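Undergrad: First, the structure itself, so that you have it in front of you.
Laboratory data are not the source of any read-out in this text; all were calculated from the coordinates shown. Values in this document were obtained by computation on a predicted structure and should not be read as measured data. Here the Cβ positions follow ideal geometry from the backbone for every residue, glycine too, while neighbour counts run over all protein chains shown.
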Amino acid sequence: MQSVQDLATAVQRVVANVEKVIVGKGESVAFSLIAVICHGHVLIEDVPGVGKTVLTKAIARSIGCTFKRIQFTPDLLPSDVTGTSIYNQKTSNFEFRPGPIMAQIVLADEINRATPKTQSAMLEAMEESQITVDGVSYRLPEPFMVMATQNPIEYEGTFPLPEAQLDRFMMNISIGYPKSTDEMNILDSHQHHHPLEDLSQIMTAEELVLIQQQVRNVHVDPTIREYIVAIANATRNHNNIYLGSSPRGSLALFRASQALAAMRGRGYVIPDDVKLLAKPTLAHRIIVTPAARVRSITSTAILDEILQNVPVPGAWVGGGRGR
């Protein structure tokens, strides 16, 4: 088993490789890799043209995983996602023809454009890493990850993701517009061909599976666990929140903190890891009350307030050392 430092070096090499294509967006790339390491799924919510699809392709190519893209549209059927059974006249049997979901990294492009019936075809795959077609269950390849995109501006012809599906995404991130200097670098790198064509493989899917197993050994002190639960509980008892974070959200924050600590070369989690990951792991699981929405209060703003008010483990409180 490799050391934490070796693990951190391996993951940082992948991050650096992806950043050759996704310029100046180190945090977004790192968050995506954290989800990959934690068997999690990512919802990238951003405007068109900032690199959502390229980010997914770059990660898949860097870690040597099979990649499939599903373009979600209103006429897409569940069988278009999972696959279907087709009758073979020669053998007189039904044969399963797998759909695009049978890949290690699946890009669900503009997922909110499909009907709720088709969106629900993703639920079993995202939670149990399997699909069921005509009563027969099929295991999905290992590792398996869904990276979904949606446009937060355009709502016409879309079907908002239900809370049950949002909760299955480990993280909700955005990429954002690049800085002027980074955009100049993008123009230079795209002058002759797309830099994705030159991207090399950094690790194998088998190595990634080993890293996924090793990350779970990162130590999380009981006081840090209490801190994570306290943050989740605060979302359930806030006046401006109609529905707080689920226990799945607490577990996502727990796992993500382990991965971030490992990526930084530590065998233990510190409060700063939890604070950095609280918003990308919890904000999309929170439903703000209608009255708060009218006042333009967002879930991320509420989480900022919660992080300021929940006591940090080890901080000085009232002149004494906190737990």
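Undergrad: Check which residues have an amide H placed less than 5 Å from V288's amide H, if you skip close sequence neighbours.
TA: The list, which skips near neighbours in sequence, is Y242.
Undergrad: Step through the residues of the range 128-137 one at a time and calculate ³J(HN,Hα) from phi using the Karplus curve (6.51 cos²θ - 1.76 cosθ + 1.60, θ = phi - 60°), rounding each to whole Hz and writing x for Gly and Pro.
TA: Coupling constants for the range 128-137: 10, 6, 8, 10, 10, 10, 6, x, 10, 8 Hz.
Undergrad: Please work out the FRET efficiency for the pair E197 and N151, using the Cβ-Cβ distance as r and a Förster radius of 35 Å; give the result to the nearest 0.05.
TA: In this case the efficiency is close to 0.85.
Undergrad: Based on DSSP H runs of at least 4 residues, each adding -39500 (n - 2.57), what is the mean residue ellipticity at 222 nm of the chain after dividing by all its residues, to the nearest 500 deg cm²/dmol?
TA: Calculated mean residue ellipticity at 222 nm is -12500 deg cm²/dmol.
Undergrad: So, one more: Once label points are set 7 Å from the Cα along Cα→Cβ at both D134 and E27, what is their separation, rounded to one decimal in nm?
TA: Using points 7 Å along Cα→Cβ, the separation is 4.9 nm.
Undergrad: Taking only C-alpha pairs under 8 Å that are 6+ residues apart, what is the relative contact order of the range 218-323 in percent?
TA: Values: 133 pairs, mean separation 33.7, N = 106.
Reported as a whole number, the value is 32 percent.
Undergrad: Could I ask something else about it? Which ³J(HN,Hα) values in Hz, rounded to whole numbers, follow from the phi angles of the range 219-230 under the Karplus curve 6.51 cos²θ - 1.76 cosθ + 1.60, where θ = phi - 60° and Gly and Pro get x?
TA: 6, 10, 4, x, 5, 5, 4, 4, 5, 4, 5, 5
Undergrad: Right, something else. Cut-off is 10 Å between beta-carbons; in what order do M184, M203, M170, M122 appear when sorted fewest neighbours first?
TA: Least crowded to most crowded, the residues run M184, M203, M122, M170.
Undergrad: Between helix 247-263 and the chain, what is the angle of the helix's C-alpha long axis to the longest principal axis, kept within 0 to 90° and rounded to the nearest 10?
TA: 80
Undergrad: So which residue, out of A292, A261, A108, gets the largest mean-square fluctuation from a GNM of the chain using Cα contacts under 10 Å as springs?
TA: Top of the fluctuation ranking is A292.
Undergrad: Does a label point 7 Å from the Cα of S189, set along Cα-to-beta-carbon, have any residues of the range 31-58 with amide nitrogen under 19 Å, and which are they?
TA: Counting backbone N atoms under 19 Å from the label point, the list is 31-34, 47-58.
Undergrad: Let a ≥ b ≥ c be the square roots of the eigenvalues of the Cα gyration tensor of the range 171-280; is it rounded (a/c under 1.5), or, if not, prolate (a/b larger than b/c) or oblate?
TA: Oblate.
Undergrad: Residues with amide H under 5 Å of G83's amide H, sequence separation 5 or more or different chain, H placed in the peptide plane at 1.01 Å from N; which?
TA: HN-HN under 5 Å from G83: G99.
Undergrad: Hey, got the dipole for the chain? About the Cα centre, +1 on K and R Cβ, -1 on D and E Cβ, debye to the nearest 20?
TA: Here the size comes out at about 680 debye.
Undergrad: Give a residue-ordered list of calculated ³J(HN,Hα) values for the range 108-119 (Karplus: 6.51 cos²θ - 1.76 cosθ + 1.60, θ = phi - 60°; whole Hz; x for Gly, Pro).
TA: Using θ = phi - 60°, the values come out as 9, 7, 6, 4, 7, 8, 8, 5, x, 4, 6, 4 Hz.
Undergrad: Before anything else, pin down the relative contact order of the chain: Cα pairs under 8 Å, at least 6 apart, normalised by residue count, whole percent.
TA: That works out to 22 percent.
Undergrad: Further question on the same structure: Of A58, Y177, T84, which is farthest on the positive side of the dipole of the range 1-214, counting Cα position, with +1 on Lys and Arg Cβ, -1 on Asp and Glu Cβ, and the Cα centre as origin?
TA: Result: T84.
Undergrad: Follow-up question, since we're still on this one. Using amide H atoms built 1.01 Å from N in the peptide plane, name the residues 5+ places from G51, or on other chains, whose amide H lies under 5 Å from its own.
TA: Close amide H contacts, sequence-distant or interchain: none at all.
Undergrad: What FRET efficiency comes out for the pair N88/R216, r = Cβ-Cβ distance, R0 = 51 Å, nearest 0.05?
TA: 0.75
Undergrad: Between K20 and L77, what is the spin-label point distance in nm, taking each point 7 Å from the Cα along the Cα→C-beta axis?
TA: 4.2
Undergrad: Determine, for the chain, the count of lysine pairs separated by eight or more sequence positions (or lying on different chains) whose alpha-carbon distance falls under 28 Å.
TA: 24
Undergrad: Counting other beta carbons within 10 Å of each Cβ, put S32, S189, S257 in order, fewest first.
TA: Ranking S32, S189, S257 by Cβ neighbours within 10 Å, fewest first, gives S189, S32, S257.
Undergrad: Going by average Cβ density within 10 Å per residue, which order do the peptides 45-52, 216-223, 16-23 take, highest to lowest?
TA: Most protected by this proxy first, the peptides run 16-23, 45-52, 216-223.
Undergrad: Figure the gain on full extension for E305 and L123 (residue separation times 0.36 nm, minus the Cα-Cα span) and round it to one decimal in nm. Can you show the working numbers first?
TA: Details: separation 182, 0.36 × 182 = 65.52 nm, distance 3.18 nm.
Full-extension gain reported as 62.3 nm.
Undergrad: Roughly speaking, what is the stretch gain from V47 to E226, that is 0.36 nm per residue apart minus the C-alpha to C-alpha distance, in nm to one decimal? Mind showing how you got there, number by number?
TA: Values: separation 179, 0.36 × 179 = 64.44 nm, distance 3.66 nm.
Separation in residues times 0.36 nm, less the Cα-Cα distance, equals 60.8 nm.
Undergrad: Using only Cα atoms, find the angle between the long axis of helix 271-282 and the longest principal axis of the chain, and express it within 0 to 90 degrees, rounded to the nearest 10.
TA: 40
Undergrad: What ranking of F254, F72, F169 emerges when the number of other C-beta atoms within 10 Å of each C-beta is taken as an exposure proxy, fewest first?
TA: F254, F72, F169
Undergrad: Between 0 and 90 degrees, rounded to the nearest ten: what's the tilt of helix 205-215 against the longest Cα principal axis of the chain?
TA: Tilt relative to the chain: about 20 degrees.
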